[in-house]
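Here, each number is a calculation from the coordinates, and none is a lab measurement. Everything quoted here is computed from the prediction, not taken from an experiment. FYI the Cβ positions are ideal-geometry reconstructions off the backbone, even for glycines, and counts take in every protein chain you see.
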């Protein structure tokens with residue numbers, strides 16, 4: 001349903017507002033309305049998922065959602081880093097987020113089982129994994145440009 005919605009005119013306006021608000025405003029899009037609508041849509045989906053989780057568990061606890069934002073952020077970052085160069089279509093980018101979540105859990109499981117780290121340190125491990133995946137594009141760019149500069153210097 002999200003793929004369908006973001007294919008409509010209103011959904012495309014929200015995507016444009018998120019990508020480049022100045023350009024969206026220049027195209028005549030009401031960016032203030034789209035920001036509020038995007039926040040309302042995302043918070044509504046969060047509320048729906050929380051309600052479904054409580055219904056599934058049969059109970060609610062104050063600590064149930066702790067760490068969900070980190071997992072969501074990790075899924076987006078890992079999906080973008082791992083599949084950003086391959087996927088340019090919006091539908092495939094949505095798929096990349098799901099694949100990023102799967103990859104995140106595979107890495108977490110690998111670290112916990114292989115290194116036999118105490119599971120009490122799971123939040124620390126999660127933060128380190130997110131930090132590493134955030135640093136990968138920077139490292140790639142830094143080493144790519146350094147190698148390129150050395151070639152340019154030797155040819156000059």
Extension gain from residue 143 to residue 43, taking 0.36 nm per residue of separation minus the Cα-Cα distance: 32.1 nm
Paramagnetic reach from residue 71 in segment 42-58 [backbone N under 15 Å; point 7 Å along Cα→Cβ]: 46-47, 49-57
Relative contact order of the chain, pairs being alpha-carbon contacts under 8 Å that are 6 or more residues apart, as %: 16
P(r), alpha carbons of the chain - 10 Å bins starting at zero, rounded %: 9, 25, 32, 22, 9, 2, 1, 0
Whole-angstrom gap from segment 13-31 to segment 37-66, using each part's C-alpha centre: 29
